[in-house]
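Have a look at the structure below, then the notes.
The values are calculated or read from the model by the stated rules, or taken from the named source; none is laboratory data. The structure presented is a predicted model; accordingly, all values stated were derived computationally and were not measured. In this analysis, Cβ positions are derived from the backbone assuming ideal geometry, glycine residues included, and neighbour counts consider all displayed protein chains.
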Amino acid sequence: MEKKDNESGMIVFVVLGRLGKSLSRYKIDPIINSEKVQKVFAFREDEGFPIKGVSYVTLPDRLRNAHGLHKLSRVGYELRQLYRYAKKYRPALINGVFTMPKGLYSVIVGRLLHIRTMVSVIGGEVEITNTDTRHPALMERLVLWILKKADIVTTKGTKVSRCIIERGIDPAKVHVFNGSIDTLTYKPDENIPRDIDVLFVGRFSTLKGPDRVLEMVRRLKERGIVSVKAVFLGDGEMYDEIGAKISEYGMESNVTLEGYREDTAGFFQRARILMMPSRSEGLASAMLEAMSCGCVPVVSDVGNMTDAAKHDFNAYVVSDHMDVEGFTNHIEKLLRNEELRLEIAKNGSEFVRKHYSLQVQTEIFEGMIS
């Protein structure tokens, strides 16, 4: 992406913290691509991908993996750092990505210096309800206070927008703004063979369900698709457990664990089907990247996934994330009907370009700040 010179445009701060490099870029790109923006300061734990017009503001090494009392030092440092830069550069907008703590930092600094703020809710409803925390009611009140004080609130889809509006957030300031997908990198490549039948991309945790995906592959073998090939990308607390189960099931020739990988485009271009039986999601960028590459997603109906995953059109959606049999049926149907898979894959690739390309998301950003 080439940034056009614009000396009269505004300065925007984007507060990202530990957000991954690719996800950070998807949030930054539509902003810096806008004709109304001259410069973006991106506050991250460390440097992200180089982007013309973007300067990264990072943390000292000693604070990057802080624990205990040092974690409090990190919080204080991040707040002071944001305040100092905001006082010096007077941005037109501070965008805190994720409500806690980056949205909180943004709102505090914005109110102290009379700068407009935008808070981006990037998870599912759990980011609002905080059911996974020790004090969910207290955390929900704090999150809603942050959203009420922000000038603009963005979500990744309609379900979460509805969730926060029902809890008293002014609908006039709530917008669906996912961020762009790099459709120049994530695109179908006819020169790459589709030699992966089933692909899993995500953290090895009960939340994401790699164990359920492995069980699906095992059932496919039992149904006669003995040469099924599956690849798992990611790491996490279940990694060794999944490796042990692969050996226990005698599926070493069927399943490959690749570990954490940043170069996912090539895997999406090789894969026929992406499996995401997650218990919680916002609108997964991995799913949109896969769709853009012509890989068909089979996903659970959680978060905002169905804003993009349209059942039996560009994806298959399963209502219960624990319904292993339902997921397996959809995989088998796609693997046994290549004509159907190609049609759904084509629909998915076109859908992402129509709704999540850089230019489309830039227009959404400009509409919000107008």
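Quick rundown of the values:
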{"read-out": "Residues of region 184-223 classified as assigned to a loop (DSSP other than H, G, I, E, B), surrounded by fewer than 19 Cβ atoms within 10 Å (Cβ to Cβ) and touching a Ser or Thr at 6+ places or on another chain (Cβ under 7 Å), total", "value": "3"}
{"read-out": "Residue count for region 149-166, restricted to those that are among the charged types (D, E, K, R) and crowded, with 16+ Cβ neighbours inside 10 Å", "value": "4"}
{"read-out": "Candidates GLY243, GLY250 - the one that is over 22 Å from the mean Cα position of the chain (by Cα), assigned to a loop (DSSP other than H, G, I, E, B) and surrounded by fewer than 17 Cβ atoms within 10 Å (Cβ to Cβ)", "value": "GLY250"}
{"read-out": "Sole residue being among the basic types (Lys, Arg) and touching an Asp or Glu at 6+ places or on another chain (Cβ under 8 Å), chosen from ARG270, ARG336, ARG279", "value": "ARG270"}
{"read-out": "Qualifying residue in region 336-346 (condition: assigned by TED's automatic domain parsing to the domain that holds GLU215, touching a Cys at 6+ places or on another chain (Cβ under 9 Å) and at pLDDT 95 or above)", "value": "yes"}
{"read-out": "Selected residue (only one of GLU140, GLU190 is assigned by TED's automatic domain parsing to the domain that holds LEU23 and acidic (Asp, Glu))", "value": "GLU140"}
{"read-out": "Scan of region 72-98 for residues that are basic (Lys, Arg) and at pLDDT 95 or above, ordered by number", "value": "ARG80, ARG84, LYS87, LYS88, ARG90"}
{"read-out": "Criterion violated by PRO101 - all others in (1) surrounded by fewer than 19 Cβ atoms within 10 Å (Cβ to Cβ); (2) in contact with a strand residue (DSSP E or B) (Cβ under 9 Å, 6 or more places away or on another chain); (3) not in a helix (DSSP H, G or I) satisfied", "value": "(3)"}
{"read-out": "Scan of region 51-98 for residues that are of a type in the set (Lys, Arg), surrounded by fewer than 15 Cβ atoms within 10 Å (Cβ to Cβ) and out of contact with any strand residue (DSSP E or B) (no Cβ under 9 Å at 6 or more places or on another chain), ordered by number", "value": "LYS52, ARG62, ARG64, LYS71, ARG80, ARG84, LYS87, LYS88"}
{"read-out": "Meets criteria (closer than 21 Å to GLY266 by Cα, free of Cβ contacts under 8 Å to residues at least 60 places away in the same chain and of a type in the set (D, E, K, R)) for ARG203", "value": "yes"}
{"read-out": "Filter pass, GLY303 being surrounded by 22 or more Cβ atoms within 10 Å (Cβ to Cβ), within 21 Å of GLY236 (Cα to Cα) and either among the polar types (S, T, N, Q) or in contact (Cβ under 8 Å) with a residue 60 or more places away in the chain (or both)", "value": "no"}
{"read-out": "Lone qualifier among GLU289, GLU281 - being at pLDDT below 95, acidic (Asp, Glu) and under 16 Å from the mean Cα position of the chain (by Cα)", "value": "GLU281"}
{"read-out": "Complete set of residues in region 128-140 that are in a helix (DSSP H, G or I) and exposed (fewer than 13 other Cβ atoms within 10 Å of the Cβ)", "value": "ALA137, LEU138"}
